[in-house]
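Colleague: Submitted below is the structure of interest, expressed as structure tokens.
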Amino acid sequence: MSDQSAGIKIKRRGLMLVLSSPSGAGKSTIAHNLLENDPNLEISVSVTTRERRGSEINGHHYHFVSRREFERLRDSESLLEWAEVHGHNYGTPREPVEKAMAEGRDMLFDIDWQGANQVVEKMRGDVVPIFILPPSMKELRARLQRRAEDSADTIEMRLENARAEIAQWRSYDYVVINEDLDRAFASVSAIVAAERLRRDRRPGLFDFVAELTET
């Protein structure tokens, strides 16, 4: 993929945009809005062992697999990262990500902090890690309740886990507080725009500058 400005095309390497947050803080909504508004981004579809929710489509939101199949993928090194969250396993297939990077396509990852750490460790130069914080724990509880997808016990478990997840914020390059969805989305979009312009992501600049200075 190339950068385009006033008709100039410069080859660049794709980036891996990692969004993490405690459940209910808004990362999935921000990810959805990014995909709706940015044609250069595509989602990395994770595999998971948890049951499909009524609103989810297999192969679009997740690849839903058995625990045995997940273990086969994990043990064969076919996952770029994996983690156990709320008693279920999640992982990122390696092959489509590596292919996208080589072709200059940008990939979006909606994953937790455990998975983000593994991705950063393996592909640091390609990763843009962003952590989404809720404005307060009171608001986080209200959002989980409004979602109406979990039992009261599950919501309490998610709130307890949220405190441990929030403690990982320092390991991310960017932190966005999602008090207002529009402002949070604008902040994340600005980060993506800036990261795409990094010199080390645009190998095509070498040829462009060489041609520029020779004419």
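Colleague: Using a Cα-Cα cut-off of under 12 Å, which aspartates and glutamates could be cross-linked to Lys122, ignoring same-chain neighbours fewer than 8 residues away?
Modeller: Glu81, Glu98
Colleague: Assuming a viscosity of 0.890 mPa s and a temperature of 25 °C, what translational diffusion coefficient in µm² per second does Stokes-Einstein assign to segment 20-81, Rh being the Kirkwood radius over Cα pairs?
Modeller: This corresponds to a translational diffusion coefficient of 183 µm²/s.
Colleague: While we're looking at this one, here's another question. Rounded to the nearest 500 deg cm²/dmol, what is the calculated helix-only ellipticity per residue at 222 nm for the chain, with -39500 (n - 2.57) per DSSP H run of length n ≥ 4?
Modeller: -13500 deg cm²/dmol
Colleague: Follow-up question, since we're still on this one. Within segment 11-28, what residues put their amide N at less than 18 Å from the label point 7 Å along the Cα-to-Cβ vector of Arg163?
Modeller: 22-25
Colleague: Mind putting a number on the dipole of the chain about its Cα centre? Charges go on the C-beta only, +1 for Lys and Arg and -1 for Asp and Glu, and I need it in Debye to the nearest 20.
Modeller: Working: 31 positive and 36 negative charges, 20 e Å.
Dipole about the Cα centre, nearest 20: 100 debye.
Colleague: What FRET efficiency comes out for the pair Glu95/Phe208, r = Cβ-Cβ distance, R0 = 30 Å, nearest 0.05?
Modeller: Working: r = 31 Å, r/R0 = 1.03.
Calculated value: 0.45.
Colleague: Looking only at Ile111, Ile30, Ile155, which one moves most when the chain is put into a Gaussian network model with springs between Cα atoms under 10 Å?
Modeller: Looking only at Ile111, Ile30, Ile155, the largest GNM fluctuation is found for Ile155.
Colleague: Quick one: work out Rg over Rh on the C-alpha atoms of segment 1-154, Rh as Kirkwood radius.
Modeller: A ratio of 0.99.
Colleague: May I ask you to list the lysines whose Cα is less than 28 Å away from that of Lys138, ignoring any residue fewer than eight positions away on the same chain?
Modeller: Lys27
Colleague: Projected area of segment 80-215, taken from the Cα convex hull and averaged over every viewing direction, in nm²?
Modeller: Result: 10.4 nm².
Colleague: If each residue of separation counts as 0.36 nm, what is the full-extension length gain between Glu149 and Glu69 once their alpha-carbon separation is subtracted?
Modeller: The Glu149-Glu69 span can extend by a further 26.2 nm.
Colleague: Here's a follow-up. Report the calculated FRET efficiency for Asn40 and Met137 (r = Cβ-Cβ distance, R0 = 30 Å), to the nearest 0.05.
Modeller: Rounded to the nearest 0.05, the efficiency is 0.30.
Colleague: In Å, what Kirkwood hydrodynamic radius results for segment 138-215 from the alpha-carbon pair distances? Show your work: numbers first, answer last.
Modeller: Working: mean 1/r = 0.0607 Å⁻¹.
Here the Kirkwood hydrodynamic radius works out to 16.5 Å.
Colleague: Considering the options Val65, Met16, Ser28, tell which one lies farthest towards the positive end of the dipole of segment 1-71, charges being +1 on Lys and Arg and -1 on Asp and Glu at the Cβ, about the Cα centre.
Modeller: Met16
Colleague: To continue, here is another question. Using Cα-Cα distances under 8 Å and only pairs 6 or more residues apart, what relative contact order does the chain have, in percent?
Modeller: Averaging sequence separation for qualifying contacts and normalising by length gives 31 percent for the chain.
Colleague: Right, something else. Can you check what the Kirkwood hydrodynamic radius comes to for segment 63-108, Cα pairs only, in Å to one decimal?
Modeller: The answer is 11.5 Å.
The numbers here are math on the coordinates, done by the rules we state, and not lab data. Because the structure is predicted, anything quoted here is derived from the model rather than measured. Heads up, the Cβs are rebuilt from the backbone with ideal geometry, glycines too, and the neighbour counts pull from every protein chain shown.
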